[in-house]
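*Asks:* Dropping the structure in here first, questions after.
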């Protein structure tokens with residue numbers, strides 16, 4: 001798979017950063033992730049658990065927000 005450019009990563013990040021404060025909060029992640037998971041038949045409780053796991057993996061400075069750099073570093077590492 002080809003590497004994503006910073007521009008492509010920014011487009012995806014901005015879809016989640018709905019208030020455009022340059023950070024994805026748990027609430028923003030929840031608004032995106034839970035409906036998608038419910039459509040797949042995954043319970044809200046399991047989706048919440050997965051959100052917590054995402055925050056733990058991506059939020060390297062432990063401020064409970066995902067910055068663009070944290071998002072990018074996670075995606076590029078994969």
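Laboratory data are not the source of any read-out in this text; all were calculated from the coordinates shown. On a predicted model such as this, the values are computed, not experimentally measured, just so you know. Every residue, glycine as well, gets a Cβ built from its backbone with ideal geometry; the counts of neighbours run over all protein chains shown.
*Asks:* Among 30, 64, which comes first, second and so on when ranked by fewest other beta-carbon atoms within 10 Å?
*Replies:* Listed from fewest to most nearby Cβ atoms, that is 64, 30.
*Asks:* Which one of 63, 27, 14 has the biggest mean-square fluctuation once the chain is modelled by GNM with Cα springs under 10 Å?
*Replies:* Greatest mean-square fluctuation among the candidates belongs to 63.
*Asks:* Here's another thing I want to ask about it. Helix 6-16 sits at what angle to the longest principal axis of the chain, using alpha carbons and giving 0 to 90 degrees rounded to 10?
*Replies:* So the helix axis and the longest Cα principal axis differ by about 30 degrees.
*Asks:* Can you tell me the 0 to 90 degree angle between the C-alpha axis of helix 44-58 and the longest principal axis of the chain, rounded to 10?
*Replies:* For 44-58 against the chain, the angle is about 20 degrees.
*Asks:* What angle do you read, to the nearest 10 degrees and between 0 and 90, between the alpha-carbon axis of helix 68-77 and the longest principal axis of the chain?
*Replies:* 90
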